[in-house]
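Contents: one structure, followed by commentary.
The values are calculated or read from the model by the stated rules, or taken from the named source; none is laboratory data. This one's a predicted model, so the numbers in the text were calculated from it and none came from an experiment. Using ideal geometry, Cβ is built from the backbone for each residue, glycine included, and neighbour counts are taken over all protein chains shown.
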Amino acid sequence: MKDEKTSSASPHALPPLPYADNALSPVISTNTMGFHYGKHHKGYVDNLNKLIAGTEFADLPLEGIITGTAGKADNTAIFNNAAQTWNHTFYWRSLDPKGGGTPPEVLHQKIKASFGSLEACKQELATAATTQFGSGWAWLALDGDKLKVVKTSNADSPLTKGMKPLLTIDVWEHAYYLDYQNRRADYLNAVLDKLVNWAFAAGNLT
Ligand SMILES: [Fe+2]
């Protein structure tokens, strides 16, 4: 344990949103952003800081906490809050007010090689997201040299499976219920058509 005054301070901060809280409207409303970012995401960060204080995880970076607690029954609460903190920061960056459209060429080529077409990739993401039972996430991830669509339950992510996440879509009800109620597919189709940040995903290839 480091003997530094800062080690007892809250080590993890809620990152600022990469855009204004009304920038994703009407696909994702300002009201949803207020709860999702301001309450849920912030809550995970606050809980994480409380849970790790004074533990072996207090000085680790977020990714180290996630991989160090994954699958360990004694550390489930720390894992859940660390992974949800990471997942949400990654989700906000996976969206862009000017998103949708066609991916940068380097990613587009890889998508065509792995799925046949962009439409097939989007369809696979939508299917994974709609068939994820209960809370979870749909991801585009790099597994070795191949792109894959992956769905995870609750807080889990491809990081715990040795894969590199490229983008994610939150399919917890808190992500869409205020705007779409139980119509998860409508939320997904709108996000995939209008908000998905292919440039961010392409940047994560390297
Ligand atoms: Fe969420």
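Worth pointing out:
- Residues being in contact with a strand residue (DSSP E or B) (Cβ under 7 Å, 6 or more places away or on another chain) and touching a residue at least 40 places away in the same chain (Cβ under 8 Å) - total across the stretch 139-165: 7
- Odd one out for C121 among (1) surrounded by fewer than 21 Cβ atoms within 10 Å (Cβ to Cβ); (2) touching a strand residue (DSSP E or B) at 6+ places or on another chain (Cβ under 8 Å); (3) in a helix (DSSP H, G or I): (1)
- Residue match in the stretch 165-188 (condition: away from the ligand (no atom under 16 Å from the Cβ), over 15 Å from N87 (Cβ atoms) and charged (D, E, K, R)): yes
- Residue within the stretch 31-52 that is surrounded by fewer than 21 Cβ atoms within 10 Å (Cβ to Cβ), away from the ligand (no atom under 15 Å from the Cβ) and touching a residue at least 40 places away in the same chain (Cβ under 8 Å) present: no
- Here the condition is being closer than 21 Å to W137 by Cβ and either away from the ligand (no atom under 16 Å from the Cβ) or modelled with pLDDT under 95 (or both); of E4, E63, it holds for E63 alone.
- Enumeration of residues in the stretch 40-64 that are polar (S, T, N, Q) and in a loop (DSSP other than H, G, I, E, B): T55
- Enumeration of residues in the stretch 66-104 that are over 23 Å from P18 (Cβ atoms) and in a helix (DSSP H, G or I): T67, G68, T69, A73, D74, N75, T76, A77, I78, F79, N80
- T69 being among the hydroxyl-bearing types (S, T, Y), modelled with pLDDT of 95 or more and out of contact with any Phe, Trp or Tyr (no Cβ under 6 Å at 6 or more places or on another chain): no
- Residue selected from the stretch 130-139 under the condition part of a strand (DSSP E or B) and of a type in the set (F, W, Y), by the criterion nearest to the ligand (Cβ to nearest atom): W137
- Any chance G162 is within 17 Å of G203 (Cα to Cα), at pLDDT below 95 and surrounded by fewer than 21 Cβ atoms within 10 Å (Cβ to Cβ): no
- Of all residues assigned to the stretch 182-203, none qualifies as being surrounded by fewer than 19 Cβ atoms within 10 Å (Cβ to Cβ) and of a type in the set (S, T, Y).
- Within the stretch 79-92, residues that are among the β-branched types (V, I, T) and within 11 Å of the ligand (Cβ to nearest atom) reach partners that are in a helix (DSSP H, G or I) and at pLDDT 95 or above with beta carbons closer than 6 Å, at six or more positions or on different chains, in the pairs T85/Y44; T85/V45; T85/L48.
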